[in-house]
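Below: one structure, written as C-alpha cells.
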Amino acid sequence: MTATVTVVVGNPKPRSRTLDVARRVAEVAATAGMDEYATLDVDLATVAVELFDWQSAPVRALVDRVTESQLAVIASPTYKASYTGLLKAFLDWFARDQLAAVTVVPVMVGAAAEHALAVEVHLRPVLVELGASMPTRGLYVLESQLGDLDAVLDPWLVSARPQLVRALRRAP
C-alpha cells in the first residue's frame, strides 16, 4: 500500500521557495519511515479566494487530503514573526483533533534568525489544537540557507529519524 504525504504551503505566492523547501522536507522525512509514498501538494495560493467560502468543494477536498495523509509537511514563510494568515485561514477548516491520525512536520522559512522560534511558538500550538502528531521539533530555514538546503536537513534528520520512524510505523 502506498502512503500519502501531503505538502501544505501557506505562501501567498504560488510555486514559492517555501513550496520547494516543504517538498524537500517531505521527501527527506518520508524516506526516513516509508517504503512507498505519493506526494500531494496543497499550494494555498491557488485557492486563496475560496478559503472563506465555507461551502467550497475544492477547499473541502484539500482538507480531506490532509486528513487522510500519513505524513504532512505544513509550511509557511515568516510574516511579522509568525505564519501567514493564508495558512491560518486554511487551518480554520479543521476541527479540533481532526489531524490526530496524521504525523506532521511544521516548517517555516524566514529572513531573520531572530524568528527561528516562530515555528515552535506560533505554528506548533495551532497544530496541537488540531490533534497533529509532531514527533520532531519544527524546522526553521533561513532564506540564506536555501542554496544548500541539505546542510540544514541532514542534521535535522539525524535527530528526527528515530521519532519519524516510530510515528510513521504507527500510522494507519
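Remark: pairs (first residue in region 137-160, buried (at least 18 other Cβ atoms within 10 Å of the Cβ); second residue assigned to a helix (DSSP H, G or I) and basic (Lys, Arg); Cβ separation under 7 Å; 6+ apart in sequence or on different chains) = 138/124; 153/24.
Please pick out the residue among 111, 81 that is at positive phi, free of Cβ contacts under 8 Å to residues at least 60 places away in the same chain and in contact with a helix residue (DSSP H, G or I) (Cβ under 7 Å, 6 or more places away or on another chain). Lay out the reasoning, then the answer.
Numbers: 111 fails: at positive phi.
Sole residue among the options that is at positive phi, free of Cβ contacts under 8 Å to residues at least 60 places away in the same chain and in contact with a helix residue (DSSP H, G or I) (Cβ under 7 Å, 6 or more places away or on another chain): 81.
Restricting to region 1-16, and then to whatever is crowded, with 16+ Cβ neighbours inside 10 Å and more than 19 Å from residue 89 (Cα to Cα), can you tell me which residue is modelled with the lowest pLDDT? Filtering region 1-16 for residues that are crowded, with 16+ Cβ neighbours inside 10 Å and more than 19 Å from residue 89 (Cα to Cα), the one modelled with the lowest pLDDT comes out as 3.
Residue 71: under 21 Å from residue 39 (Cβ atoms), modelled with pLDDT under 95 and surrounded by 14 or more Cβ atoms within 10 Å (Cβ to Cβ), yes or no?
On the way: under 21 Å from residue 39 (Cβ atoms): yes; modelled with pLDDT under 95: no; surrounded by 14 or more Cβ atoms within 10 Å (Cβ to Cβ): yes.
Against the criterion (under 21 Å from residue 39 (Cβ atoms), modelled with pLDDT under 95 and surrounded by 14 or more Cβ atoms within 10 Å (Cβ to Cβ)), residue 71 does not qualify.
For the residues 25, 63, the requirement of being within 20 Å of residue 5 (Cβ to Cβ) and touching a residue at least 60 places away in the same chain (Cβ under 8 Å) singles out 25.
When region 86-105 is limited to residues that are closer than 17 Å to residue 43 by Cβ and free of Cβ contacts under 8 Å to residues at least 60 places away in the same chain, the one that is surrounded by the most Cβ atoms within 10 Å (Cβ to Cβ) turns out to be 91.
The values are calculated or read from the model by the stated rules, or taken from the named source; none is laboratory data. Everything numeric in this text was worked out from a predicted model, so none of it was measured. As a convention, Cβ positions derive from the backbone with ideal geometry for all residues, glycine included, and neighbour counts pool all protein chains shown.
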